[in-house]
Structure formats: structure tokens, C-alpha cells
Amino acid sequence: MRVNFTVNGRPQEADDVWEGESLLYVLRERLGLPGSKNACEQGECGSCTVRLDGVPVCSCLVAAGQAEGRDVVTVEGLADHARRRACGTAPGTSLDAARAWQPRGTGQDADAELAPVQQAFIDAGAVQCGFCTPGLLVAADELLEHRPNPTDADIREALSGNLCRCTGYEKIMDAVRLAAARQGEGA
Amino acid sequence: MDFLRPASWEEALAAKAEHPTAVPIAGGTDVMVEINFDHCRPEYLLDLTRIGDLYEWEVGDESVRLGASVPYTRIMERLRGELPGLALASHTVASPQIRNRGGVGGNLGTASPAGDAHPALLAAGAEVEAESVRGTRRIPIDDFYTGVKRNALAPDELIRAVHVTKADGPQQYAKVGTRNAMVIAVCAFGLALHPRTRSVRTGVGSAAPTPVRARTAEEFLAAALDEGGFWENGKVITPSVVKQFADLCAGACNPIDDVRGTASYRRHAVGVLARRTLTWTWESYRGSRRLSEGAA
Ligand SMILES: Cc1cc2nc3c(=O)[nH]c(=O)nc-3n(C[C@H](O)[C@H](O)[C@H](O)COP(=O)(O)OP(=O)(O)OC[C@H]3O[C@@H](n4cnc5c(N)ncnc54)[C@H](O)[C@@H]3O)c2cc1C
């Protein structure tokens, strides 16, 4: 079957989709967007977290056909999503741009390709092997969108569906606190 | 495999009548795991996510009509006052990502003895609104669970909503597991005080082939509270009564040994949860009595 939906602000079409396939598989294998990670395939690890109509979900548990006509944001579109939130508009992220994405942006250049939460993860040293990072970024970004001043308990709860086997979570907590503090200063 | 995408409830019922083997999929948090691991290959998937009615709820005088697909997140955020037990139980399900998708309709569809909605529904009192092209019926929650992961739905029926009795007193839900998040219950316990009818209802999870009520314990406690005039005098419940209640709740279990815990641990833990939830709810009842007396 064919699935038409919006991915990172741009309309996309996926063909030859098997009816039992997950949204995660469509993103990775049909659209060539490997940012959302495929690990447990049972919703336990959160590394495939994306926004579906704004809501964080495990894309491995969304049937491809359920994404028809819906709006999906993946980690590849997080910078664009943050820009849209800040400025009201953003151009969206094309598949080519998403595939060519590199983690630049450690500098201060104006069109940094990182969302503030991504920059905070780098600055706080919250990335080790990096496998869980995309899911954590999507979940943390959504938290900060709705709760600009989260308590530690809020952060723990918001990230409770994302497993990290490297960091012990402390640096991840630091990163989210840092992103929140910077967001507060900017406002 | 065919992916059926009804745009309305009537279309969904027609599709289910035409293809009784079709597997409904709502949040997908049970169904997709089965498909990802090739544990099931349904001929038809019946997507319910286009049917807006299933995501709505209505608060009535006596009960809340909760659409089958209302996600746990909504129940926690919006129905804590009317359905405190179910809201607490919802909060213990998995993680934010899962709670954003999964709901009570799917929990009832799966009918796992470990499903967190079940003890809360049993304790509050509820009826499942099942519908097919043949008509609508209300299945009392006590008759809904028929075996391990089996329920009373006919092959052509879908769950439209669950009618959950509004709380008329304190309710609690407690669950044993290794973490706060992402835990399938080792065992779980729901308790609802019903001061209006001077009764108490329970729900026990993961401690028998189906979710069950501890009826003997309920009857014992109601009689003891009555006899001692506790509902009226609001005194602390005699410790021996609490202990007997906890023992009877443990006795209502028929658990198994599995990877999550042994049968004897489960029986013990259910007794502990029964004692704790009774203490919490009774304290809360006494507190609200004092408040209303203070105001009078
Ligand atoms: C990582 C993870 C952790 C989990 N943790 C918990 C937990 O802590 N506690 C818990 O209780 N559960 C847990 N679950 C299980 C699951 O999330 C719940 O059972 C949830 O309520 C299912 O809802 P759903 O909408 O996603 O159901 P789906 O997967 O869409 O459907 C589940 C079943 O119900 C049927 N169904 C769905 N809607 C209807 C309807 N309207 N009419 C008739 N049949 C219907 C489906 O055909 C299927 O058989 C967990 C799952 C995952 C993946």
C-alpha cells in the first residue's frame, strides 16, 4: 500500500508498504531516514521516539497505515521544528537534507543546524554511544515545549520511556536542565 | 494482509461483521508488538484511529462513558476527580510514549491478567459497552474476563466505550514491580470505598488467570465497618480487621510462579498492598469527613 503523510514539515509518500509494517520501518527503510533508531521493537527502549501529530510515541508501535495523513517529526527535523516554534515558520526538512545531516553546530553561527536541546546535549556531554540520543532528544524537546521550567521529577518522568545504557542518565539530566535554563534566558 | 481503515463507527462495525477475524488496532501497543515479533499475522488489521468518537468521554450523573481509545495520558490529566482509581492505574502504565497511544479499550481487548486498568475497573464498578451490527449490549465488568487473555466479546463485536461508575469515596491503586516506569505488574491491587452504599470493592491484578475481585474480603470488611459504626464515627479501623482483610485478599489469589515473581510472593504482596491501600483510603475518608463536619 501507499502511505502519504507529512514528515518534518514536508509532504512525503512511501510506496510498497507492507500492511503490517511499522512507522519506524517506513521512516528508516522506505524514506531513508535512519535517525529514529530500531532496537527493541516492543516499545521498551524509546530509541524510535517521534512526534505523531505533536505527541511523542514509539514509532515501532505505530502501524504504517495509521500514519496516513498525519504529521510526523523525527530527530532529523528537530532543528526545523524548534525554529518553527520560535519563529512561527520554518521551511521543513527535505529527505536529502535529512540524510546529509551532520552534527555541526558546536559553533555560534546563526543558522546552526541544531535545536537548542541538541546543542545542550553536546555541551553537557550527554552523548556517549549515541544510540539512544535521537529518542531522548525528541522526548526532551517535547517536555521543554510544554514545561519550560521542569522539575527534576518532571524530567525523569518525561524520559522514563527512554533507556540509555552508557551515561547513567546524570549528564542527560544536566543537558535538559541546561536547555531549560538557556530557553529561560532567551525568552 | 489487508489494512481496513473505517472512517466511522458504523463502517467499523460493518467491517468487523464482514471479517470477524479482523484484528482491531487502536494504540497498537499490544498488537504491533505481536506483529513485530511475528507472533501473529492477521489477515486483516482494522484501524480504529480514524474514529473520533472513540477518543471522547462524557461525564454523566452516575458514571463516565469513556471512549474505548481515550489514551491513558488523557485519563490521568482529565479524569482524576471522577475516576481516581483508574487515573492512578493509568499513570503506572509503561511510559509517556505508551500512555499517549494505549487506552482502556485495548487493555480490555487484550484482557491480560496483568493489565492495569482491570483492578481499577473492578473496584470502581464498570460496564463494557460492546456493539456489533446486531446491536449494543452492556457487559458487567465482573463478567467480562473469561480466561487468560480471553474476554466476553463475540467475534463480530467491538468495544465502543466503558461506563465507569464515578467515585463516591476515596480510591487507590498500587502495583509491585522493579521500577516505577515500564513495569508489567508482579501483582497489583485496586481498592474503592463506596460510602454511599457503605460498601468496599477490590480488584486484584496478576495474581490469578484473570483479574478478580476479592469478594470474601469485601464482604468481611463491609460487615466489620458496619458493625463497628466506622462509616459514622470515622474512627481508625481496628488493626485486627485490617489484617483479616489483607489475609482474605491474599487468599483470593490463585497465582503462578513466573519470571516476574513466585506465587507465594504474589500472595504475600497482595496482602501488603491490600493493607496499605485500605489505610490510605480510610485516612482520606476520615479526612474528608472531618472537613465536611468542620464546614457544617
Ligand atoms: C513497552 C510496553 C509496556 C507496557 N506496559 C504496560 C503496563 O504497565 N500495564 C498495562 O496494563 N499494559 C502495558 N502494556 C500493554 C498495552 O500498552 C496496554 O494493554 C494498552 O492498554 C493497549 O492499548 P492499545 O490501544 O495500544 O491496544 P492495541 O494494541 O491497539 O489493541 C490491544 C487489543 O485490544 C483489541 N482492541 C483494541 N481496541 C478495541 C476495541 N475498541 N474493541 C475491541 N477490541 C479492541 C485489539 O484487537 C487487540 O487485541 C505495555 C505495552 C508495551 C509495548
Given the condition within 9 Å of the ligand (Cβ to nearest atom), in contact (Cβ under 8 Å) with a residue 24 or more places away in the chain, open to solvent by 20 Å² or more (accessible area, probe 1.4 Å) and assigned to a helix (DSSP H, G or I), answer yes or no: does some residue in the stretch B:110-127 qualify? yes
In the stretch B:1-11, which residue that is open to solvent by less than 50 Å² (accessible area, probe 1.4 Å) and within 14 Å of chain A (Cβ to nearest Cβ) is farthest from B:V162 (Cα to Cα)? B:F3
Strands (runs of 3 or more DSSP E) wholly inside the stretch A:1-100 containing at least 3 residues that are modelled with pLDDT of 95 or more and either in contact with a Cys (Cβ under 9 Å, 6 or more places away or on another chain) or facing chain B (nearest Cβ under 9 Å) (or both): A:49-52, A:55-58
Please find, among B:A185, B:A208, B:A223, the residue that is more than 29 Å from A:G161 (Cα to Cα) and aliphatic (A, V, I, L, M). B:A223
Filter the stretch B:24-39 down to the residues that are more than 9 Å from every other protein chain (Cβ to nearest Cβ) and open to solvent by less than 40 Å² (accessible area, probe 1.4 Å) and list them by number. B:A26
Taking B:P140 as the residue in question, decide whether it is more than 14 Å from every other protein chain (Cβ to nearest Cβ) and open to solvent by 20 Å² or more (accessible area, probe 1.4 Å). yes
Can you tell me which of B:E56, B:E77, B:E43 is among the acidic types (D, E), within 14 Å of the ligand (Cβ to nearest atom), surrounded by fewer than 23 Cβ atoms within 10 Å (Cβ to Cβ) and within 14 Å of chain A (Cβ to nearest Cβ)? B:E43
Among the residues of the stretch B:167-192, write down those that are out of contact with any strand residue (DSSP E or B) (no Cβ under 6 Å at 6 or more places or on another chain) and more than 14 Å from chain A (Cβ to nearest Cβ). B:A167
Look through the stretch A:76-93, keep the residues that are among the aliphatic types (A, V, I, L, M) and free of Cβ contacts under 8 Å to residues at least 40 places away in the same chain, and return whichever of them is least open to solvent (accessible area, probe 1.4 Å). A:A79
For the stretch B:184-199, the count of residues that are small (G, A, S) and either assigned to a loop (DSSP other than H, G, I, E, B) or surrounded by fewer than 17 Cβ atoms within 10 Å (Cβ to Cβ) (or both) equals 1
Residue satisfying condition, being open to solvent by 80 Å² or more (accessible area, probe 1.4 Å) and closer than 20 Å to A:S36 by Cβ, within set A:D96, A:D71: A:D96
Condition test on B:A223, is it in contact with a helix residue (DSSP H, G or I) (Cβ under 7 Å, 6 or more places away or on another chain), modelled with pLDDT of 95 or more and among the small types (G, A, S)? no
Residue pairs meeting the criteria (Cβ under 8 Å; at least 6 apart or on separate chains; first within 18 Å of B:L191 (Cα to Cα), in the stretch B:74-97; second among the aromatic types (F, W, Y) and surrounded by fewer than 24 Cβ atoms within 10 Å (Cβ to Cβ)): B:L79/B:W57
Across the stretch B:200-227, what is the number of residues that are open to solvent by less than 30 Å² (accessible area, probe 1.4 Å) and of a type outside the set (D, E)? 16
Taking into account only those residues within the stretch B:161-171 that are surrounded by fewer than 24 Cβ atoms within 10 Å (Cβ to Cβ) and touching a helix residue (DSSP H, G or I) at 6+ places or on another chain (Cβ under 7 Å), which is farthest from B:S90 (Cα to Cα)? B:G169
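The values are calculated or read from the model by the stated rules, or taken from the named source; none is laboratory data. Remember, predicted model here, so these are calculated numbers, not experimental data. We place every Cβ from the backbone using ideal geometry, glycine too, and count neighbours over all the protein chains shown. What goes into the accessible areas is simple: the full protein's heavy atoms, side chains included, and nothing from ligands, DNA or RNA. Shrake-Rupley method; radii C 1.70, N 1.55, O 1.52, S 1.80 Å.
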